[in-house]
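Step one of this worksheet: look at the structure below.
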Amino acid sequence: MATEHGGAAACNVNVAVRARPLLDWEEQSRCVEVLCDGTAQVGRNPGDDKHLIASSCPRFVFDRGFGTESSQQELFEWVQPAIDGCFEGYNAAILAYGQTGSGKTYSMGTAAIGLVVPEEMGLVPRAFQHIAAGIQKRGDEAEFEMRASFVEVHDDNVNDLLADPGTSTDVIIREDARGEVILVGATEAEAKNCDDLLRLLERGTLSRTTAATRMNATSSRSHAVLTLVIEQRRRPGSASRQRGQPERVRAKLQLVDLAGSERNKRTGTTGKHFKESVNINQGLLALANCINVLSDESAQRVGMHVPYRDHKLTRLLRNSLGGNARTYMLACCSVSASNFQETLNTLRYAARARNIKNTPVVNRGDDDDQLAKMEREMATLKRELSEAAEDPSGLMAQIQSLRE
């Protein structure tokens with residue numbers, strides 16, 4: 001259960017933009033310039049890169065910018081604070097958004113990792129390595145448990161990517177009394193180390209729905225959500241317990257590789273793949289609608305309804321956008337002038353997301369919640385007994401009323 005610990009302060013969604021290099025077959029003129037300070041400016045290139053940026057071109061400012069020469073390690077260092085927060089009991093989410101073929105899956109590292117050289121590993125396997133190292137480092141302080149689930153939203157269905165062959169892959173989204181999203185029917189596999197996590201990632205990736213289009217030979221046809229739950233019980237006498245930290249904390253890390261936005265005229269999809277593209281865009285539209293409400297301060301002041309329930313994707317991301325997680329969003333885009341409109345739309349989308357405020361709080365274990373409740377009840381009883389000692393007649397009146 002999410003509870004306040006040490007004060008809960010709102011923080012904005014942290015947004016970065018990443019530009020992938022030009023491909024051989026793409027138009028070589030560029031349409032966007034991305035700087036490390038997070039500045040991204042878009043404009044139609046008249047043919048010479050030095051004339052790319054003009055004062056009349058749209059300009060966006062994000063928390064970070066990653067140009068075409070940026071490395072996977074630089075990208076990971078940007079999200080590392082959110083992952084480190086999981087050891088303190090804070091939820092975290094990392095989302096990759098952009099048009100099809102813009103480098104989301106490469107950045108996240110949710111492709112077949114067995115074929116990737118170490119320096120090309122994406123955010124997800126690097127996060128697994130970092131978490132495993134963090135657990136080993138903290139082994140004297142606490143005992144850890146990790147569980148992972150991996151699902152995809154495909155054609156308005158939620159499928160379990162870790163389901164055993166021959167078993168049902170259908171997943172139903174539910175919410176408990178505390179507002180936590182529950183995935184009924186999803187496999188929650190235990191992991192003891194980084195190798196276990198990587199095997200689960202590989203297993204789920206191979207089950208994910210992909211297809212070839214004119215813009216991407218291995219286009220993701222679904223939105224993929226990998227959730228890692230990290231629970232830790234601090235050992236008696238540990239330094240953290242002595243500092244008054246809760247005995248048990250629990251954190252949820254959500255890693256999201258969204259399917260790319262598509263224009264059928266360019267991707268050339270037909271039949272079932274055309275239907276997939278329609279469903280992909282519907283999910284992204286529902287996400288955009290939620291972002292529009294969450295990023296509008298006036299709408300938030302009047303308590304305007306956020307349409308999370310309009311799509312299964314937004315229901316899955318409810319706690320990550322406008323919830324209690326430290327959320328990082330990566331907007332991936334192409335620099336090619338042929339993708340000008342899609343790049344402009346991506347940056348507009350991400351710029352709105354940067355205005356969303358989340359309220360991260362420490363997630364205490366159930367035992368700590370129960371203990372805190374008992375302590376409050378004891379304090380109430382002590383206060384009532386103290387008041388009764390000062391006014392015995394009042395105590396006798398209460399006893400008489402209970403007898404009646």
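The values are calculated or read from the model by the stated rules, or taken from the named source; none is laboratory data. Since the structure is predicted, the reported quantities are computational estimates derived from the model, not experimental observations. Virtual Cβ from ideal backbone geometry, glycine too; neighbours counted across all protein chains shown. Protein only, heavy atoms only, side chains kept; ligands, DNA and RNA dropped before computing areas. Shrake-Rupley method; radii C 1.70, N 1.55, O 1.52, S 1.80 Å.
So the values come out like this:
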| quantity | calculated |
| --- | --- |
| Inter-label distance, nm, simple model (7 Å from Cα along the C-beta direction), residue 59/residue 140 | 5.2 nm |
| Residue 357/residue 168 FRET efficiency (R0 30 Å; Cβ-Cβ; nearest 0.05) | 0.20 |
| Label-point separation, residue 77 to residue 119 (7 Å along Cα→Cβ), nm | 1.5 nm |
| Length released on extending from residue 338 to residue 299, taking residue separation times 0.36 nm less the Cα-Cα span | 10.5 nm |
| Integer Hz, Karplus 6.51/-1.76/1.60 couplings in order for the stretch 174-181, x for Gly and Pro | 10, 10, 7, 5, 9, x, 6, 7 |
| Note, ³J(HN,Hα) from phi for the stretch 120-134, Karplus 6.51, -1.76, 1.60, rounded to Hz, x at Gly and Pro | 9, 4, x, 4, 5, x, 5, 4, 4, 4, 5, 5, 4, 5, x |
| Amide H partners (placed H, <5 Å) of residue 138, local residues excluded | none |
| Theoretical FRET efficiency, 1/(1+(r/R0)^6), r = Cβ-Cβ of residue 278 and residue 177, R0 35 Å, to 0.05 | 0.50 |
| Residue-normalised accessible area of the stretch 66-159, given per residue in Å² at a 1.4 Å probe | 38 Å² |
| Positive minus negative residues near residue 191 (Lys, Arg vs Asp, Glu; Cβ under 13 Å) | -3 |
| Placed amide H near residue 323: partners under 5 Å, 5+ positions off or other chain | 359 |
| Amide H partners (placed H, <5 Å) of residue 356, local residues excluded | 13 |
| Cα lying deepest toward the dipole's positive end in the stretch 139-178, options 146, 161, 171, charges on Cβ | 171 |
| Peptide ranges 95-107, 177-189, 348-360 listed from the most packed, as the mean C-beta count within 10 angstrom indicates | 95-107, 348-360, 177-189 |
| Calculated from backbone phi, Karplus (6.51, -1.76, 1.60) coupling profile of the stretch 296-309 in Hz, x at Gly/Pro | 9, 4, 5, 5, 6, 5, 8, x, 4, 5, 9, x, 4, 7 |
| Unsatisfied cross-links (Cα-Cα over 25 Å) in the set 137/252; 104/192; 252/275; 275/357 | 104/192; 252/275; 275/357 |
